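Data block below; observations after.
The values are calculated or read from the model by the stated rules, or taken from the named source; none is laboratory data. All of these numbers come straight from a predicted model, not from anything done at the bench. Counting neighbours? That spans all protein chains shown, and the Cβs are built from the backbone with ideal geometry, glycine included. Quick note on the areas: whole protein, heavy atoms, side chains included, nothing else; ligands and nucleic acids left out. Shrake-Rupley method; radii C 1.70, N 1.55, O 1.52, S 1.80 Å.
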Amino acid sequence: MKNLLIICISILTLSCASNYTITPSVDEIATKYANSITTLDLKEHLYIIASAEFEGRETGELGQKKAAAYLKNFYIKKNIASPYGESDYFQAIPTEHLRPNLNPSENVVAFIKGSEKPEEIIVISAHYDHLGMNGDALYYGADDDGSGTVAILEIAEAFKKAVKEENGPKRSILFLHVTGEEKGLLGSKYYTNFPIFPLKNTIANLNIDMIGRVDKAHKNNPNFVYLIGADKLSTELHKLSEEVNLKYTKLELDYRYNDDEDPNRFYYRSDHYNFAKNNIPIIFYFNGTHEDYHKTSDTPDKINYEVLAKRTQLIFYTAWELANREKRIQVDK
């Protein structure tokens with residue numbers, strides 16, 4: 001009788017155990033998708049984006065059009081939607097909104113709709129244009145801004161994987177590849193003048209411009225990134241950014257270029273600024289300039305892909321927190 005009782009208890013215990021599953025924590029879920037951002041995938045994309053085939057991606061020229069088609073085809077292949085619907089991933093920009101000597105161009109846009117607060121939008125941006133060619137000299141633009149371009153592709157794919165497993169973001173995310181940055185922030189200016197979604201519903205812009213290299217100031221500590229602008233409009237965004245990094249990636253966050261007195265004035269020199277001008281909180285992710293900046297020698301073989309992956313994961317985690325927190329990030333009064 002005693003043995004029978006023990007057997008019954010054992011069977012009951014095993015039965016209960018077989019029906020018990022451990023629910024992953026929110027942090028574990030975020031980490032799962034962040035880890036899908038890999039050096040291998042970033043490198044594969046960048047060697048294409050910064051290849052001779054795309055002729056330096058000058059605004060309005062054939063190489064830029066080829067790059068736009070590559071981005072569009074990526075989103076179609078990964079089943080990441082366009083905000084316009086169907087297969088229209090281009091926000092067309094006529095010459096009158098660029099410069100008289102430029103051919104028409106286009107921003108490339110993709111979209112993941114939020115599950116609970118779809119009307120609130122996070123914009124993740126990077127420019128995909130570069131300097132083109134000067135005679136036989138080809139400006140590859142691997143770091144500037146091929147690195148930011150491929151980072152967005154990987155972040156978008158990570159969020160799409162979350163959606164497939166019913167862990168998608170509560171807020172919507174617009175992936176915005178802008179043209180015309182090298183000509184004067186023209187693509188982002190056009191977007192903010194003619195937004196796809198009302199700017200009042202855009203809660204933050206995370207802008208990526210050159211995150212694939214290590215500058216001389218950090219040659220002994222490559223695990224860093226310069227952050228610019230996080231505290232300009234929202235101390236809440238700055239705090240969130242720091243907490244995310246401390247929790248997940250633990251990069252050195254360098255704020256030297258965030259100083260209002262910094263002579264480089266980087267805060268005014270990339271596409272986030274057109275969002276900031278509209279009172280939208282921003283973070284600008286940047287690795288600093290280097291000896292290959294705006295030269296033909298800015299090639300994909302010089303990228304530090306491990307650092308590029310870590311920085312891309314930081315941006316993903318920051319977007320994840322912004323998208324899933326209870327309340328939208330607040331602008332300082």
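Kindly provide the Kirkwood hydrodynamic radius of region 72-122 in Å, to one decimal, from all pairs of distinct alpha carbon atoms.
On the way: mean 1/r = 0.0793 Å⁻¹.
Result for region 72-122 stands at 12.6 Å.
Checking every one of the GluC sites (Glu not before Pro) in region 217-268 against DSSP loop status and a limit of 11 other Cβ atoms within 10 Å picks out 261. Cα centroids of region 266-313 and region 129-143: 17 Å apart.
When the C-alpha to C-alpha distance is required to be over 29 Å, the pairs from 113/189; 164/327; 170/232; 72/302; 32/216 that qualify are 32/216. Of the trypsin sites (Lys or Arg not before Pro) found in region 110-196, the ones in coil according to DSSP and having at most 16 other Cβ atoms within 10 Å of their Cβ are 113, 170. All C-alpha pair distances within region 116-220, sorted into 10 Å bins from zero, spread as 13, 36, 32, 15, 3, 0 percent across the bins. For the chain, the spread of Cα coordinates along the three principal axes comes to 94, 48, 46 Å, biggest extent given first.
Given a 1.4 Å probe, how much area per residue of region 135-256 is accessible, in Å²? Present the calculation step by step, with values, prior to reporting the outcome.
On the way: 4310 Å² over 122 residues.
Per residue, region 135-256 has 35 Å² of solvent-accessible surface.
On full extension of the chain, what length is gained from residue 35 through residue 246, given 0.36 nm per residue of separation minus the C-alpha to C-alpha distance? Each step should come with its number before you reach the end.
Details: separation 211, 0.36 × 211 = 75.96 nm, distance 1.67 nm.
Computed gain between residue 35 and residue 246 is 74.3 nm.
Residues of region 91-120 with an amide N closer than 18 Å to a point placed 7 Å from the Cα of residue 200 along the Cα-to-Cβ direction: 118-120. In this entry, region 197-333 is assigned a mean projected area of 9.1 nm², taken as a quarter of its C-alpha convex hull surface. Normalised by 2.2 N^0.38 Å, where N is the number of residues, the C-alpha radius of gyration of region 30-137 stands at 1.22.
What share of the DSSP beta bridges in the chain is antiparallel, in percent to the nearest 5? So the antiparallel bridges in the chain amount to around 40 percent. Residue ranges 211-220, 117-126 sort as 117-126, 211-220 when ordered by packing (mean number of other C-beta atoms within 10 Å per residue, highest first).
In plain terms, the chain from residue 260 to residue 165 could stretch by 29.9 nm, reckoned as 0.36 nm per residue minus the Cα-Cα distance.
Rounded to a whole number, what % of the accessible area of the chain do carbon and sulfur atoms account for, probe 1.4 Å?
Values: 7770 of 15290 Å².
Here carbon and sulfur together make up 51 percent of the probe-accessible area.
Please report, in debye to the nearest 20, how large the charge dipole of region 259-333 is about its Cα centre when each Lys and Arg carries +1 at its beta carbon and each Asp and Glu carries -1 there.
Working: 11 positive and 13 negative charges, 83 e Å.
Dipole size: approximately 400 debye.
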